[in-house]
Amino acid sequence: APDIRGVEIYSVQWSPDGTQAVLWVHASDNKDRWLATVDFAEKKLVSQHRLSDEAWVNNYHRGHGWLKDNKTLWFLSEDHAYLGIYTKNVTEPQSAALVAGQHVVFDPVLGPSGKFIYYRANVGHPGIYEIWRVDVASGKAEQLTDLGGVNEVTVSPDESRLLITHSEINRHPELYVQANKPGATATRLTDTMSDEYKAINWQQPAIVEVPSSHVDAPIYTKIYLPADHDPTQEYPAVMFVHGAGYTQNS
């Protein structure tokens, strides 16, 4: 208010029993997003959760859906300043944090049984995304992989195994499979890099911590140095600084 704001509806998710629908609504100015259920009798939307940011609400973080009880939503939100997983019973006024810590959560998906939500998170280090699962009833979170690098997951239909896409800073994505339990060994399935690619002596960048002038936490940066680098000498440098809060390059 007072002006009508332009919005876009990105998706509609139906409850398992088909009686309710939730819409992911994003403001065209990128300042707000809403999760809204549909009141079919009154033909109107009912806001269930609103996320606002004077700078930018990222429309890529659209993970959301229904739990098996047909009345509880799960969704990504930055209510605690980091991207986490929240739940909300549509008949109650407040949402609750399910996964909320000083790390970010990406690509959550409800498992076939409805007992767990699977996701990747950088709990141990900002640049390492392992696969986790959280019990939606108890809120207990467990780390499932220990591969390093960046990982994405698909859960088997019987929820016994995980298909993992694993990559590292100097390695292409490859497929792995492992049992769906903490500490299980992941078995590599693919090797897509050619012999010519492997023969190249690719430079491994160093990950360094740059002190921040705004918060008591470092800014993680990768640096490429010449093979004959002499720390006592000065060199010209090419520097990339990003200006978007969601553009990460390290």
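The values are calculated or read from the model by the stated rules, or taken from the named source; none is laboratory data. Everything numeric here is computed off the predicted structure, so don't read it as measured data. Cβ sites come from the backbone with ideal geometry, for glycine too, and all protein chains shown count toward neighbours. The protein model used for the area step is the full one, side chains on, heavy atoms only, and it has no ligands, DNA or RNA in it. Shrake-Rupley method; radii C 1.70, N 1.55, O 1.52, S 1.80 Å.
Of all the criteria given as (1) free of Cβ contacts under 8 Å to residues at least 24 places away in the same chain; (2) part of a loop (DSSP other than H, G, I, E, B); (3) in contact with a Ser or Thr (Cβ under 6 Å, 6 or more places away or on another chain); (4) not hydroxyl-bearing (Ser, Thr, Tyr), the one not satisfied by Leu175 is (2). When we screen Ala81, Ala21, Ala97, Ala36 for residues that are on the phi > 0 side of the Ramachandran plot and of a type in the set (Gly, Ala, Ser), the only hit is Ala81. Across region 26-70, the qualifying residues are those that are closer than 18 Å to Asn89 by Cα and of a type in the set (Gly, Ala, Ser), and the one among them that is modelled with the lowest pLDDT is Gly63. Across region 1-25, the number of residues qualifying as surrounded by fewer than 16 Cβ atoms within 10 Å (Cβ to Cβ), among the hydroxyl-bearing types (Ser, Thr, Tyr) and at pLDDT 95 or above comes to 1. Of all residues being surrounded by fewer than 17 Cβ atoms within 10 Å (Cβ to Cβ) and β-branched (Val, Ile, Thr) in region 91-110, which is nearest to the chain's Cα centre (by Cα)? Just the residue, please. Filtering first and then ranking leaves Val109. Test Glu209 against the stated conditions and say whether it is open to solvent by 100 Å² or more (accessible area, probe 1.4 Å), farther than 28 Å from Tyr119 by Cβ and free of Cβ contacts under 8 Å to residues at least 60 places away in the same chain. Taking the combined requirement at face value, the residue does not satisfy it. For region 121-143, the criterion of being part of a loop (DSSP other than H, G, I, E, B) and over 22 Å from the mean Cα position of the chain (by Cα) is met by no residue. None of Asn30, Asn58 is more than 15 Å from the chain's Cα centre (by Cα), polar (S, T, N, Q) and assigned to a loop (DSSP other than H, G, I, E, B) except Asn30.
Taking the conditions (1) free of Cβ contacts under 8 Å to residues at least 40 places away in the same chain; (2) open to solvent by less than 70 Å² (accessible area, probe 1.4 Å); (3) of a type outside the set (A, V, I, L, M, F, W, C) in turn, Tyr235 satisfies each one other than (2). Restricting attention to region 38-64, the residues that are of a type outside the set (A, V, I, L, M, F, W, C) and buried (at least 18 other Cβ atoms within 10 Å of the Cβ) total 5. Candidates are the residues of region 150-191 that are at pLDDT below 95 and of a type outside the set (A, V, I, L, M); the one that is least open to solvent (accessible area, probe 1.4 Å) is Asn170.
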